[in-house]
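Below is one structure, written out as C-alpha cells; the observations come after it.
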Amino acid sequence: MTRIGLITPSSNTVLEPETYGLLRDVDGVTAHFARFTVLKIGTDADALDQFSLEPQLAAAELLADCRPDVIAWCGTSGGWMGVDRDRALCAGITERTGCPATTSTLAQIEAFRLLGCRTYGLVTPYLSDIQERVIQTFANEGFKCVADRRLEDPGNFSFSTYSPDQISEMVRDVAIAEPDAISIFCTNFNGVRVAPGLESELGMPVIDSTTLTLWHALRLAGADPSIVPGQGALFTRLQFA
C-alpha cells in the first residue's frame, strides 16, 4: 500500500474530490489530507503570512500519524513566494516526519525539466501582481512564459467556481503562442478534468496543478505514475525511474 499525504489550503474545494477521482481505479494507493488556513491570495502582508512555515509543518506532523510514504504541499504559493521557501518547507517536513516531501511549484519545475520544456503558457485565476511573480519565479529556473491568461481574482474559495469551459478557453488562448507546455497553475482552479482532452486537442502537454502534485508525490513514493489512468504526457511519456 502506498499512502500519499497531502497538505491542503483550508478554502480549497477542488483538490480532495479530484484527487480521489484520479485514484478511483488505482489499487494500492490512498490519499490522506490535512488543512491549514488559506483564505485569500495576494501580495499584502496578511496574505503572505498565511504561508508561514509553522502551520504547514504542524499539518505535516498530523499527516505523519497515518504513516505516509510522501507528503506534498498541494499549493502553488512557491510560485509567488519563491522556490527557496518551498525547499525550506520540504526540508522541514522531512526533518520532522522522516518523509520525502514536495510542493506543487517544485513539481511544476520538475515536470518542465523532464518534459524538456523551455517555454510555457500560464493559465491562472490570480491577480496580476501574483501572476508576474510566478512568471519571474519560473524564469529564474530557466523557463520562459510566452503567453498567459489571468482572472484578477483574489480568491481563494472563488477559484473553484469557474467553469471547465472558461478554463478551457483560457488554455486555448495561450496555445496560440505554441509553447512547449501549458500550466494550469492553481490547485483550486479545476483543470483536472479538462487537461487530458485539451492536451489531445492541442498536441502539447497541458499540466494541471492538482494532477501534477499527485504525479510528483507518486514518483517520490516509489510508485509508477502511469498507474493513474486517462492522463497525458506527464504520466505516460516519461519512463519511471
Q) Any idea which of (1) among the hydrophobic types (A, V, I, L, M, F, W, C); (2) outside any helix (DSSP H, G or I); (3) in contact with a Lys or Arg (Cβ under 8 Å, 6 or more places away or on another chain) is the one residue 80 doesn't satisfy? A) (2)
Q. When the stretch 128-182 is examined, which residues are found to be assigned to a loop (DSSP other than H, G, I, E, B) and either within 18 Å of the chain's Cα centre (by Cα) or surrounded by 14 or more Cβ atoms within 10 Å (Cβ to Cβ) (or both)?
A. 141, 143, 150, 151, 153, 154, 155, 156, 162, 177, 179, 180
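So is residue 23 more than 25 Å from residue 229 (Cβ to Cβ) and touching a residue at least 24 places away in the same chain (Cβ under 8 Å) or not? First the steps, then the outcome.
On the way: more than 25 Å from residue 229 (Cβ to Cβ): no; touching a residue at least 24 places away in the same chain (Cβ under 8 Å): yes.
The answer is no for residue 23.
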Q) Among the residues of the stretch 93-104 satisfying the criterion of being of a type in the set (Gly, Ala, Ser) and under 15 Å from the mean Cα position of the chain (by Cα), which is surrounded by the fewest Cβ atoms within 10 Å (Cβ to Cβ)? A) 104
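For the stretch 1-57: of the residues being among the charged types (D, E, K, R) and surrounded by 14 or more Cβ atoms within 10 Å (Cβ to Cβ), which is nearest to residue 132 (Cα to Cα)?
Here the residue is 40.
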Q) residue 126 versus (1) over 20 Å from residue 197 (Cβ atoms); (2) among the aromatic types (Phe, Trp, Tyr); (3) free of Cβ contacts under 8 Å to residues at least 60 places away in the same chain: which is the lone unmet condition? A) (3)
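Taking the conditions exactly as written (under 30 Å from residue 182 (Cβ atoms) and either in contact with a Cys (Cβ under 6 Å, 6 or more places away or on another chain) or not in a helix (DSSP H, G or I) (or both)), does residue 75 satisfy them or not? Give the steps one after another, and end with the answer.
Values: under 30 Å from residue 182 (Cβ atoms): yes; either in contact with a Cys (Cβ under 6 Å, 6 or more places away or on another chain) or not in a helix (DSSP H, G or I) (or both): yes.
So residue 75 fits the description; yes.
Just one of 7, 93 is outside the structural domain of residue 191 (by TED's automatic domain parsing) and without any contact (Cβ under 8 Å) to a residue 60 or more places away in the chain; which is it? Give the steps one after another, and end with the answer.
Working: 7 fails: without any contact (Cβ under 8 Å) to a residue 60 or more places away in the chain.
On inspection, the qualifying residue turns out to be 93.
Yes/no per residue for (1) closer than 16 Å to residue 232 by Cα; (2) among the charged types (D, E, K, R):
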site	(1), (2)
154	no, no
160	no, no
165	no, yes
181	yes, no
192	yes, no
199	yes, yes
Q: With respect to residue 47, determine if the residue is touching a Leu at 6+ places or on another chain (Cβ under 8 Å) and not in a loop (DSSP other than H, G, I, E, B).
A: no
Q.
Suppose the filter is crowded, with 24+ Cβ neighbours inside 10 Å and charged (D, E, K, R); does residue 208 pass it?
A. yes
Q. Residues in the stretch 106-123: is at least one in contact with a Gly (Cβ under 9 Å, 6 or more places away or on another chain) and hydroxyl-bearing (Ser, Thr, Tyr)?
A. no
Q) If you scan the stretch 1-39, which residues turn out to be part of a strand (DSSP E or B) and over 20 Å from residue 61 (Cα atoms)? A) 29
**Q.** Any hit, the stretch 211-222, residues being on the phi < 0 side of the Ramachandran plot, of a type outside the set (D, E, K, R) and without any contact (Cβ under 8 Å) to a residue 40 or more places away in the chain
**A.** no
Q) In this structure, does residue 111 turn out to be of a type in the set (A, V, I, L, M, F, W, C), part of a helix (DSSP H, G or I) and surrounded by fewer than 16 Cβ atoms within 10 Å (Cβ to Cβ)? A) no
Q | Pick from the stretch 53-92, criterion under 15 Å from the mean Cα position of the chain (by Cα) and among the small types (Gly, Ala, Ser), ranking: nearest to residue 2 (Cα to Cα) | A | 72
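The values are calculated or read from the model by the stated rules, or taken from the named source; none is laboratory data. What you see is a predicted model; the values in this text were computed from it and never measured. Please note: Cβ atoms are built from the backbone with ideal geometry, for glycine as well, and neighbour counts cover all protein chains shown.
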